[in-house]
Amino acid sequence: MTDWMEKANAQKDDYLKDLTTLVKIPSVRDDSQATADAPLGSGPAKALHAFLEMAKKDGFRTKNIDNVVGYAEWGEGDETVAILAHLDVMPAGNGWDSDPFDPIIKDGNFIGRGSSDDKGPGLAAYYALKTLKDMGVKFHKKVRFVAGTDEENDWTGMTKYFETEPMPDLGFSPDAEFPVYNGEKGMFSIKLDIAGGNEGDDVLKSFKSGLRFNMVPREADVVVEVEDNQAVMDAYTDFLDNNPVTGEAYEDKDGLHLEMIGKAAHGMEPEKGINSGTYMAKFLQQLKLGGNAKNFVDYIANYLHLDDRMKGFDGAFTDDVMGDLTMNAGIMNFDGQKGGHLDMNFRFPKGITPDDILNKVKPVAADFNIDAHYDTFHAPHFVSPDDPMVKTLMKSYIDVTGDKDAKPECIGGRTFGQLIDNGVAFGALMPDTPNTMHQANEYQPVDDLVKSMAIYMQAIHDLVADE
């Protein structure tokens, strides 16, 4: 019987070297840098080229599709197993103790943007495939390792892939947690718009919080004009002292600046973050705001603050298998003259629809002179825990880790696994390892990454090998 951990440990040094190469590339989508050769900006295209060069050097058949997605392939047969990973990353944001794009290993942890989401796990799955190839294992199915470059936004790369390439027969995405996520909640976003306007004694000149709809905002920055700067600064200091946020206030020529820092988290688990935008709105309710500035602040403070389950909208919902409906206020911006915009992101289980959600939000928003309308919508995805592929993946996880109590689970996040009818999310975050995806100081323990490589080796082997 093959000792997969021994095989994985033998690849450790080369794996970490290649992972460092990929993490050093700041592969954040940037449409302002888009060109014909880099439709999503230079970073994602550079990461894709680096990976495909790596795979070509390792002896795989490779293909680059329009510089937004590519694959490395091995094996023969009528069926195709796909491994769907992504090379793009979230913006680094602030709060890092080291350079997010110059990775380090500290206290056994590989630290850098993409170490956990998804360069570290994706490369572990790739190295598992590479090791099996180099071992001379005979595959009776083709395996395609598909690398997208826009998972954190619109899935541009994978959309292109599935438009131009055959649908795989089965597969998994190494972009979540172990053991196996056989169910993924649907994802739905609501965009909300409000006109500008200040009609109070105090003026909200600008309010900025949030980088992406699927992140809990770590920072909020506000500029106000008030009657008594010192009184507001004193009140702000008191607010910071009595809430789980930090920040500062200072006077400048354009007004009084209020800066606040909370805690970023993945939008699928908003309860794990501290939303600086909603806390800022809660403080601003102390000011003498009026008009749409007050409407904007009151809507956030009264209906979004400390509510990630839609209780304030009378919209809480739970499915016995897939869990709770969750809500994240990801982007909150307001300009006193130009108006404001909010992005609310929902992860919903089977049993509830986007229309149900919108119909709860729309009338409440209207009470605050805010227009709410559809944005993105993706349906829930579910594969039976009795499916042979799910059982194979579960066995590989249990055999390598010894975790005999593990069972398939559902997730609030959305992964490429749901693009395949018979697809799931499979690793690579271990159950007891903190989830730092989308956060400052993102990391994965090196030992976990190596162990995940061993799990993927057994899983791919058992799915495709003749032995």
- Looking for whichever is under 23 Å from Asp448 (Cα atoms), surrounded by fewer than 18 Cβ atoms within 10 Å (Cβ to Cβ) and out of contact with any helix residue (DSSP H, G or I) (no Cβ under 6 Å at 6 or more places or on another chain) here; the options are Asp175, Asp107. Which one fits? Asp107
- Query: From Asp307, Asp375, Asp371, Asp298, which residue is within 25 Å of Gly210 (Cβ to Cβ) and touching a Ser or Thr at 6+ places or on another chain (Cβ under 6 Å)?
  - Reply: Asp375
- Within the range 236-272, residues of a type in the set (A, V, I, L, M, F, W, C) and part of a loop (DSSP other than H, G, I, E, B) come out as Val245, Ala264, Met268
- Just give me the residues in the range 390-432 being in contact with a helix residue (DSSP H, G or I) (Cβ under 6 Å, 6 or more places away or on another chain) and of a type in the set (Ser, Thr, Tyr), in sequence order. Thr392, Ser396, Tyr397
- Task: Take Asn94 and decide whether it is out of contact with any Leu (no Cβ under 7 Å at 6 or more places or on another chain), of a type in the set (S, T, N, Q), in the same structural domain as Glu151 (by TED's automatic domain parsing) and modelled with pLDDT under 95.
- Result: yes
- Residue match in the range 96-105 (condition: among the hydrophobic types (A, V, I, L, M, F, W, C) and over 19 Å from the mean Cα position of the chain (by Cα)): yes
- Cross-chain or 6+ apart pairs with Cβ under 6 Å, the range 138-158 first and over 15 Å from Tyr456 (Cβ atoms), then among the hydroxyl-bearing types (Ser, Thr, Tyr) and surrounded by fewer than 23 Cβ atoms within 10 Å (Cβ to Cβ): Lys142/Thr80; Asp150/Thr156
- Counting just the residues of the range 451-467 that are of a type in the set (D, E, K, R) and outside any helix (DSSP H, G or I), which one comes out modelled with the lowest pLDDT? Glu467
- Message: Can you find a residue that is over 22 Å from His438 (Cα atoms) and in contact (Cβ under 8 Å) with a residue 12 or more places away in the chain anywhere in the range 109-119?
- Response: no
- Query: Would you pick out the residues in the range 434-450 that are charged (D, E, K, R), in a helix (DSSP H, G or I) and buried (at least 23 other Cβ atoms within 10 Å of the Cβ)?
  - Reply: Asp448
- Query: When only residues in the range 206-225 that are under 24 Å from the mean Cα position of the chain (by Cα) and aliphatic (A, V, I, L, M) count, which is surrounded by the fewest Cβ atoms within 10 Å (Cβ to Cβ)?
  - Reply: Leu211
- Looking at the range 402-418, which of the residues that are of a type in the set (Gly, Ala, Ser) and at pLDDT 90 or above is surrounded by the most Cβ atoms within 10 Å (Cβ to Cβ)? Gly417
- Kindly indicate whether any position in the range 419-433 is among the polar types (S, T, N, Q), buried (at least 24 other Cβ atoms within 10 Å of the Cβ) and touching a strand residue (DSSP E or B) at 6+ places or on another chain (Cβ under 8 Å). no
- Task: Among the candidates Glu151, Glu73, Glu163, single out the residue that is among the charged types (D, E, K, R), surrounded by fewer than 19 Cβ atoms within 10 Å (Cβ to Cβ) and either within 23 Å of Arg212 (Cα to Cα) or touching a Lys or Arg at 6+ places or on another chain (Cβ under 6 Å) (or both).
- Result: Glu73
- Residue selected from the range 1-32 under the condition in a helix (DSSP H, G or I) and exposed (fewer than 15 other Cβ atoms within 10 Å of the Cβ), by the criterion nearest to the chain's Cα centre (by Cα): Asp31
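The values are calculated or read from the model by the stated rules, or taken from the named source; none is laboratory data. Remember, it's a predicted structure, so these values are computed and weren't measured experimentally. Cβ: placed from backbone, ideal geometry, glycine included. Neighbour counts: every protein chain shown.
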